[in-house]
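Participant: Can you read through this structure? Questions will come right after.
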Amino acid sequence: MLSVIIPAYNEEKCIKRAYDAINSLLTQNCIDSEFIFVDDGSDDQTYEMITELAADKENVSGLHFSRNFGKESAISAGLAAAGGDCAVVIDCDLQHPPEKIVEMYRMWEQGYEIVEGIKKERGNEKKMHSIGAKIFYSVISRMAGFDMANSSDFKLLDRKVIDVLNKMPERGFFRAISFWVGYNKTTVEYDVNKRVDGESKWSTKGLVKYAFSNISSYSTAPMQIVTALGVVMLIISVIFGIWALIDKIIGRALEGMTTVIIITIFIGSIIMISLGIIGYYIARIYEEIKGRPKYIISSSVRSTNKKTISIDS
Ligand code: UDP
Ligand code: MG
């Protein structure tokens, strides 16, 4: 059985449409499935729509978060609830083409344990966002040590991988963790569709925050950059120190107030940046060490009506 995990935040108009599109496709291709909608603390009628759907159909369940915990948490909750032999994570807005699920499923049948959806085109998005995304992926790919360009959350995972992910306590970055775990992987390319309804939940500020938190969860390189900068500063200050001493010894008057100011400002700013970076990591350690749950499920629903099988005699 395939578990279809769909995170949804304020997607009241998309729930039914996503279910119908994906379910009919899977039925046509004889793929047994269950749907897990994770309502990430929506303010609209999303959860009501999911409840209705669960009452109406036989393979739908829904989780409702007590507040908005973010897509990463919604994916974690979905994976924890998945009962299938494999699971696919797909956006509610149908920007990930559902027909690719079938292709991914066939790959899984051939023995692949992770099938990554790779974006061919990034769809319609702000120029600034696509440039930002390019920089982000090149940085994180280098730091994490695997090429994640154009990767997305649209993936199919085997049961083994789901179990591993469920055991990981850290608040990870789903997209990268599935690279980190290894396993037998393949990719499926897809074009990003237009959003069917509603609007994107990402603001520029949100994306920048997301980028920083993901880079820091994959690499401590920024902290090492701080050490490197410190060493460079030390060398520079030794050179300047010797220079100043020689000036003093040969009795050349010191007129270099400007130099002093520049150096003071420079060192001050490096120290401040360094403290900021270290503080950021400490904040992350603090977040993890508190050990709070990644999400809180305040209610859940599950289809009760079973398919009635009629036997013709
Ligand atoms: N989403 C979520 N929690 C959030 C933000 C988004 O579960 O806090 C879901 C959203 O409902 C959608 C998917 O994540 O199914 C992708 O979100 P969106 O379409 O806003 O992102 P984009 O496609 O613009 O990257
Ligand atoms: Mg979208």
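Participant: Work out, step by step, the length gained on full extension between GLU170 and ARG302: first 0.36 nm times the residue separation, then minus their alpha carbon distance; give nm to one decimal.
Facilitator: Here the segment from GLU170 to ARG302 would lengthen by 44.7 nm.
Participant: Also, quick follow-up: Once every DSSP H run of n ≥ 4 in the chain is given -39500 (n - 2.57) and the sum is divided by its residues, what mean residue ellipticity at 222 nm do you get, rounded to the nearest 500 deg cm²/dmol?
Facilitator: Estimated from H runs of four or more residues: -16500 deg cm²/dmol.
Participant: Taking H as built 1.01 Å from N, whose amide H comes closer than 5 Å to the amide H of GLU34, not counting residues under 5 places away?
Facilitator: LEU2, SER3, VAL4
Participant: Amide H neighbours of ILE118 under 5 Å, at least 5 residues apart or on other chains, H built in the peptide plane: list them.
Facilitator: HN-HN under 5 Å from ILE118: VAL188, GLU189, TYR190.
Participant: Here's something else I'd like to know. Once you place label points 7 Å from the Cα toward the Cβ at LEU207 and TRP243, how far apart are they in nm?
Facilitator: Label at LEU207, label at TRP243, 4.2 nm between them.
Participant: Along segment 128-136, what does the Karplus equation 6.51 cos²θ - 1.76 cosθ + 1.60 (θ = phi - 60°) give for ³J(HN,Hα), rounded to whole Hz, x for Gly and Pro?
Facilitator: Couplings: 4, 5, 6, 5, x, 4, 4, 4, 4 Hz.
Participant: For segment 285-297, just list the computed ³J(HN,Hα) in residue order, Karplus coefficients 6.51, -1.76 and 1.60, θ = phi - 60°, integers in Hz, with x standing in for Gly and Pro.
Facilitator: Coupling constants for segment 285-297: 4, 4, 4, 6, 6, 4, x, 5, x, 5, 7, 10, 8 Hz.
Participant: Between MET233 and VAL181, what is the label-point separation in nm under the 7 Å Cα-to-beta-carbon projection?
Facilitator: Between VAL181 and MET233, the simple spin-label model gives 4.2 nm.
Participant: Just for the chain, what percent of DSSP beta bridges are antiparallel, to the closest 5?
Facilitator: Roughly 35 percent of the DSSP beta bridges within the chain come out antiparallel.
Participant: Given that compact globular proteins tend to follow 2.2 N^0.38 Å, what is the ratio of the alpha-carbon Rg of the chain to that value?
Facilitator: So the Cα radius of gyration is 1.31 times the expected 2.2 N^0.38 Å.
Participant: Restricting to lysine pairs 8 or more places apart or on different chains, what number in segment 159-281 have Cα atoms under 27 Å apart?
Facilitator: Counting lysine pairs in segment 159-281 gives 6.
Computed from the coordinates by the stated procedures, all read-outs in this text should not be read as laboratory data. This structure is a prediction, so every number in the text was calculated from the model and none was measured. In this analysis, Cβ positions are derived from the backbone assuming ideal geometry, glycine residues included, and neighbour counts consider all displayed protein chains.
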